[in-house]
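Novice: Have a look at this one.
Just so it is clear, none of the values below were taken in a lab; they were calculated from the coordinates. Nothing here was measured: the structure is a model prediction, and the numbers come from that model. Methodologically, a virtual Cβ is constructed for each residue, glycine included, from the backbone with ideal geometry; neighbour enumeration extends over all protein chains shown.
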There are 2 protein chains.
Amino acid sequence: MEKVNLKEKLTIIDQPWSPTIVGELNGQYVKLARFDGAYVWHAHETEDELFYVVSGRLNIELRDRTIELAPGEFFIVPHGVEHKPVALPKAEVLLFEPASTLNTGTAQANQWTRNPEELDRL
Amino acid sequence: MEKVNLKEKLTIIDQPWSPTIVGELNGQYVKLARFDGAYVWHAHETEDELFYVVSGRLNIELRDRTIELAPGEFFIVPHGVEHKPVALPKAEVLLFEPASTLNTGTAQANQWTRNPEELDRL
C-alpha cells in the first residue's frame, strides 16, 4: 500500500516492450512499459486492454484505421480485436489489463514474449 | 472504440464528486471526477479502487496515515480499507474500479451518493 509515481517508476525501466507491474487491483494489473518503434500484430482472446500514453506518441493500428495517441490520452482495445502498437519513435505507456494477459497475445511467441507470471514488479 | 483525452473530457464535467464513466473494460470502469474539498469516510466491501491524479492535490486519508498524491501519481485502496479523499482544495481524478462500485461505499447514503447504474457517460 504505497503510492506510485509514474515518472519515478519509468526511470527504473530501461528495456523496451517489457511490461512491469506497478499495481494490482480486482484481478487486473497496472503496468508501465517503454515502447520503441513497431510491435507485432496480435489480439487477446478474452482480455480488453487499455493503453494510456504518459509521454511520447503512440499509434494503435487497427485493421481498418489507426488511433493516434498523445500524452494524456488512452484507448481501449476490446478483446478479439487485432492491433499493432507503433511508437513514434518512442513512448512511455501505462497498461491496464487482466493479470492473465500475455503481452504478445495471439501472435507466435517472439523475442518480446513475456510469461505473465514472470513479469517484473516495481 | 474512440480514444479518450482526459483533459477534454474533464472540461465537460463541472459538478464535483460526480464520477463520470469514460471507459469500460473487463467489467471495470474508467471514471473521471472533480474532487472539491473533503469527502466522507467510507470503504468498499469487495472492490479495490484506484485514484490517479490528473491535476491538483489529493490526500487519501487512511485511519493510520495519509497518502499525499500529486499529478502523475496513483494509489490503490484495497477493498475493506476505510478511506477519506480530501482535495487540496480541488483535484481532477481518474478512478479505476469495478462497474459495481458505489461511490460512497459503506457510508450512509448522502448528497454525493450516485447509483452506479445511473452514472453519466462521456
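Novice: Can you list the distances in nanometres, one decimal and ascending, from the residue B:119 label point to the identical position in each other copy, with the point 7 Å along Cα to Cβ?
Specialist: Those separations, rounded to one decimal, come out as 2.2 nm.
Novice: Evaluate the relative contact order of chain B (contact order divided by residue number), counting alpha-carbon pairs under 8 angstrom at least 6 apart; express in whole percent.
Specialist: 31 percent
Novice: Moving to a separate point now. With the cut-off at 27 Å, tell me which of the pairs A:3/B:9; A:31/B:9; A:3/B:84; A:84/B:90; A:7/A:90 have Cα atoms farther apart than that.
Specialist: A:84/B:90
Novice: Roughly how big is the protein assembly as shown's charge dipole about its Cα centre, with Cβ charges of +1 (Lys, Arg) and -1 (Asp, Glu), in debye to the nearest 20?
Specialist: The dipole of the protein assembly as shown has a size of about 660 debye.
Novice: List every residue whose amide H lies under 5 Å from the amide H of residue B:26, counting only residues 5 or more places away in sequence or on a different chain, with H placed 1.01 Å from N in the peptide plane.
Specialist: Here A:48 satisfy the definition.
Novice: One decimal, nm, shortest first: give the distances between the label point of residue A:45 and those of the same position in the other copies, each label point 7 Å from Cα along Cα→Cβ.
Specialist: Computed spacing set for this position: 3.5 nm.
Novice: Here is a further query. Could you derive backbone 3J(HN,Hα) for segment A:100-111 from the dihedral phi with the Karplus parameters 6.51, -1.76 and 1.60 (θ = phi - 60°), listing whole Hz in sequence and x where the residue is Gly or Pro?
Specialist: 3J(HN,Hα) across segment A:100-111, in whole Hz: 7, 5, 8, 4, 9, x, 7, 5, 4, 3, 9, 5.
Novice: Let me ask something else. Please build a GNM for chain B, connecting alpha carbons under 10 Å apart, and tell me which residue among B:26, B:59, B:110 fluctuates the most.
Specialist: Maximum among the listed residues: B:26.
Novice: Here's something else I'd like to know. 7 Å from Cα along Cα→Cβ at both residue B:70 and residue B:55: what's the point-to-point distance in nm?
Specialist: Once both label points are built, they end up 1.7 nm from each other.
Novice: Need one number: the % of Cα-Cα pairs in chain A sitting beyond the 23 Å mark. Each step should come with its number before you reach the end.
Specialist: Working: 1602 of 7381 pairs.
Result: 22 percent of Cα pairs exceed 23 Å.
Novice: Another question about this same structure. Could you derive backbone 3J(HN,Hα) for segment B:84-96 from the dihedral phi with the Karplus parameters 6.51, -1.76 and 1.60 (θ = phi - 60°), listing whole Hz in sequence and x where the residue is Gly or Pro?
Specialist: Working through the residues one at a time gives 9, x, 9, 7, 10, x, 9, 8, 9, 10, 9, 10, 9 Hz.
Novice: With viscosity set to 1.306 mPa s and temperature to 10 °C, compute the Stokes-Einstein D of the protein assembly as shown, Rh being the Kirkwood radius across alpha carbon pairs; µm²/s, no decimals.
Specialist: 87 µm²/s
Novice: Another one. Between segment B:1-57 and segment B:77-122, what is the separation of their alpha carbon centroids in Å?
Specialist: 8 Å
Novice: Can you give the Kirkwood hydrodynamic radius of segment B:19-83 from its Cα pairs, in Å with one decimal?
Specialist: Taking every pair of different Cα atoms in segment B:19-83, averaging 1/r and inverting gives 12.8 Å.
Novice: Which whole number gives the average count of other chain Cβ atoms within 10 Å of the Cβ atoms across peptide B:93-101?
Specialist: Details: counts 0, 2, 0, 7, 2, 4, 0, 0, 1.
Per-residue shielding by partner chains comes out at 2.
Novice: In a GNM of chain A with a 10 Å cut-off on Cα contacts, which of A:27, A:56, A:80 has the highest mean-square fluctuation?
Specialist: Largest GNM mean-square fluctuation: A:27.
Novice: Let me ask something else. Treat every Asp and Glu Cβ in segment B:6-100 as -1 and every Lys and Arg Cβ as +1, leave all other atoms uncharged, and give the resulting dipole magnitude about the Cα centre to the nearest 20 debye.
Specialist: 300 debye
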